[in-house]
1. Which numbered condition in (1) farther than 30 Å from LYS599 by Cβ; (2) buried (at least 24 other Cβ atoms within 10 Å of the Cβ); (3) of a type outside the set (Lys, Arg) is the only one that PRO718 fails?
2. In segment 704-715, which residues are within 24 Å of GLY606 (Cα to Cα) and either surrounded by fewer than 20 Cβ atoms within 10 Å (Cβ to Cβ) or among the acidic types (Asp, Glu) (or both)?
3. Just to be sure, is ASP444 of a type outside the set (A, V, I, L, M), in contact (Cβ under 8 Å) with a residue 24 or more places away in the chain and outside any loop (DSSP other than H, G, I, E, B)?
4. Could we say that LYS312 is in a strand (DSSP E or B) and surrounded by 14 or more Cβ atoms within 10 Å (Cβ to Cβ) here?
5. Could you tell me which of the residues VAL565, VAL588, VAL526 is at pLDDT below 95, in the same structural domain as VAL642 (by TED's automatic domain parsing) and either of a type in the set (Val, Ile, Thr) or not in a loop (DSSP other than H, G, I, E, B) (or both)?
6. Which residue out of ASP396, ASP381, ASP415 is among the charged types (D, E, K, R), within 21 Å of VAL252 (Cα to Cα) and modelled with pLDDT of 95 or more?
7. Which residues, counting only those in segment 337-371, are in a loop (DSSP other than H, G, I, E, B) and not β-branched (Val, Ile, Thr)?
8. Select from segment 95-104 the residues that are of a type outside the set (Phe, Trp, Tyr) and out of contact with any helix residue (DSSP H, G or I) (no Cβ under 9 Å at 6 or more places or on another chain) and write down the one among them that is surrounded by the fewest Cβ atoms within 10 Å (Cβ to Cβ).
Amino acid sequence: MQINRRSFLRISALAGGGLALNLRTSKFALAQAPGAPPDLTPQAFIHIAKDGIVTIMARASESGQGMRIMLPMLIAEELDVDWKDVRIQQADLNEKIYGRQFSGGSANTPMGWEPMRRVGAAGRQLLITAAAQTWGLPADQMDQCTTKAGRVLHSASGRSLGYGELAAKAAALPAPALSSVKLKDPKDYRIIGHSQPGVDTRAIVTGKPLFGIDVELPGMLYASIEKAPVFAGKVKTANIDQIKALPGVRHVIVIDGGITPAAFTPWEPGMEPGIAIVADTWWHAQQARKKLKVDWDLGPAATQSTDGFAAKAAELLKATPERAVRKYGDIDAALGASAKTVEATYQFPFIAHVTMEPQGSTAHWKDGKLEMWSTSTLPADGLALVAKTLGIEQSDITTHMVRSGGSFGRRLQNDYLVEAAWIAKHIDAPVKLLWSREDDVAHDPFRPGATVGLKGGVDAQGKMTAWRHHFVTFGDGKQATSGGGMGQDSFPAGFAPAYALHISMQPLMLRTGALRAPGDNAYCWVAQSFIDELAHAAGRDPLEFQLELLSNKKMPWSSGEHDAVGDHEPTGPSVLIPERFKGVLELVAEKSGWAKRTKEPGRGMGIAAWFCHLGYFAEVADVSVDADNRVTVHRVWAAGDVGSQIINPNAAESMGHGGIMEGMGHLAQEITLVDGVIQQSNFHNHPLMRMRQAPKMEVYWRKTDYAPTGLGEPTLPPILPAVTNAIFAATGKRIRTLPLQRSGFSWA
């Protein structure tokens, strides 16, 4: 591990004699965690009060994945305090103090594991030094001092001092180098690896104001925006004067937006055009929207339709692919020599994020300065975008990070934040912008759909011989739309004896973005379903077939998990380790009784696994299908390998359950267009899983000698093919088109 020797611990006394520890590390090369960004400078801020209560600043944004508690747990463990004496406070956005403040790509765990523990250890060392000086111990007797539960102990004399008693003296000491501090032996952990309740759990279940939607300011107004039914459609005329005269309406503002629809839409394209209505209450704003009469210039995006996309994709599949992403081996010869070949076309749709809390933010413009209450998971990017849009300096913006009601990748984009800030500047008053659910569905940056043509072969011994992959996505031919790129290492690349991945693109005038496990949430379904197809064609058990494939590494992986333009998750280089992939498959097979599964009409089990965002997960689904093709998932077993430690076990299990349930939801969701208009509007036609549909879930962990990695993304992808492979086992019918309804199935 390499640590910058200029890493430092800066300390200063706070009011009341407390100790503030502002701890910064620079350019950590995270041990055993491939893919950690090399230039990240994480920070933490610790305050120890006179009574020994320790307040730890949570630097990462929180949208339900547990970052607000997980990173402070790492600090508290090495600081050696009792968790009951820890208080957690959400930091405002200040990356000069706290380092990169974000939540996405399951990256906070691998990027925070080493630096945050060293932060806590540096604080512990500082307190030991203060105690030794208080007792008059020479430097060579410092090792007689230990810590336990917020106290420094001197073994020779039996003396002890609480951290609160030492805080003021410690504040005046020079800082130790973070590279020199000693970390605990994992066997001594009392916080890491032990379940801790969520810091916000009580507030959530008792309905306390906590989320972005709950922010209230004196004199605050409420805003709602009417947008064109077609992406980037502009206002030609509207009955604005009539709307201004309605009860409770304060302002009606036309937003020009400035987006020009094209074959490729950038990650943050700017504000969509529309009409903002600002009123005394959100209800007044919404009622006024119902009386708006707008003549829209719908623009070129009105020519788009789901049927048109499908027809163009079919045309591209028949044509010579536009670009070869990766090829090795003689694919044509390998397929020609195969004992059996299988060809299939898989299709998956656009889907929306549908976070429980719709998008929105609160902003206050006053005296040329802007104050924002942001639910963004990339708040620094939001700040930069707001400053650029409003034409002000970033230093004139204060951003408070507020918990959001879910993200799943949605809040990586900051359109709602820019809208709130823009409106606030125009009315010179505090304003809360809130989207309706219908706004949220119709104007989401969707997970892009795709069509995939596959051809694979097996030899007479039932081993894979070749894999050809033609991925038809969206873009301008050079850049894939956001969330629509596919990298050269997508499994089974590197394992198939002969392999080819080609990409073709069709234009798309629509916003797209990263959805939980970007790309992998669909690529896993395609690849693991087709592996299951090849196994059955070979007359072999799918588990045995895949384990053999994983022992057949042919080509090295490249430096990136996803290399095509359009993937924005903050992961970096990563390499699939076959032993870890095989390990989770073997563990889930053992726990589910895969080898002893019974075969009966209408009921079957399916297995699948995936590697993404540095984590490995395998899942088995037990599924039944009735005479009307209604699907019930009775039980799911999941096995994960995310390294040597499960930092917060209860939270980790919950993330596993959440990934399974969200992935099952993807199987029934779709976004469709007719004449450029989104046809879905709410949960009745873009459904989530219901409580009655939740299967019994069991999550198991395979601990390996690698630094811990994140859980948000890798828990999700395997459930889709596990369920559809189980449907095949139950019915003999292969699911190649999603959602399930388009293949003749539905949830029971």
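The values are calculated or read from the model by the stated rules, or taken from the named source; none is laboratory data. All values derive from a computational prediction rather than experimental measurement. Cβ placement follows ideal geometry from the backbone for every residue including glycine, while neighbour counts extend to all protein chains displayed.
1. All conditions pass for PRO718, except number (1).
2. Residues of segment 704-715 within 24 Å of GLY606 (Cα to Cα): 711-715.
Scanning segment 704-715 gives a single hit, GLU713.
3. Numbers: of a type outside the set (A, V, I, L, M): yes; in contact (Cβ under 8 Å) with a residue 24 or more places away in the chain: yes; outside any loop (DSSP other than H, G, I, E, B): no.
So ASP444 fails the test.
4. Numbers: in a strand (DSSP E or B): no; surrounded by 14 or more Cβ atoms within 10 Å (Cβ to Cβ): yes.
When the stated conditions are applied, LYS312 does not pass them.
5. Values: VAL588 fails: at pLDDT below 95; VAL526 fails: at pLDDT below 95.
Sole residue among the options that is at pLDDT below 95, in the same structural domain as VAL642 (by TED's automatic domain parsing) and either of a type in the set (Val, Ile, Thr) or not in a loop (DSSP other than H, G, I, E, B) (or both): VAL565.
6. On the way: ASP396 fails: within 21 Å of VAL252 (Cα to Cα); ASP381 fails: within 21 Å of VAL252 (Cα to Cα).
Criteria check complete, one pass: ASP415.
7. ALA337, SER338, ALA339, PRO349, ALA352, HIS353, MET356, GLU357, PRO358, GLN359, ASP367, GLY368 - these are the residues of segment 337-371 that are in a loop (DSSP other than H, G, I, E, B) and not β-branched (Val, Ile, Thr).
8. Of the residues in segment 95-104, the ones of a type outside the set (Phe, Trp, Tyr) are 95-97, 99-101, 103-104.
Keeping just the survivors that are out of contact with any helix residue (DSSP H, G or I) (no Cβ under 9 Å at 6 or more places or on another chain) gives 96-97.
Details: LYS96: 8, ILE97: 16.
Among them, the one singled out is LYS96.
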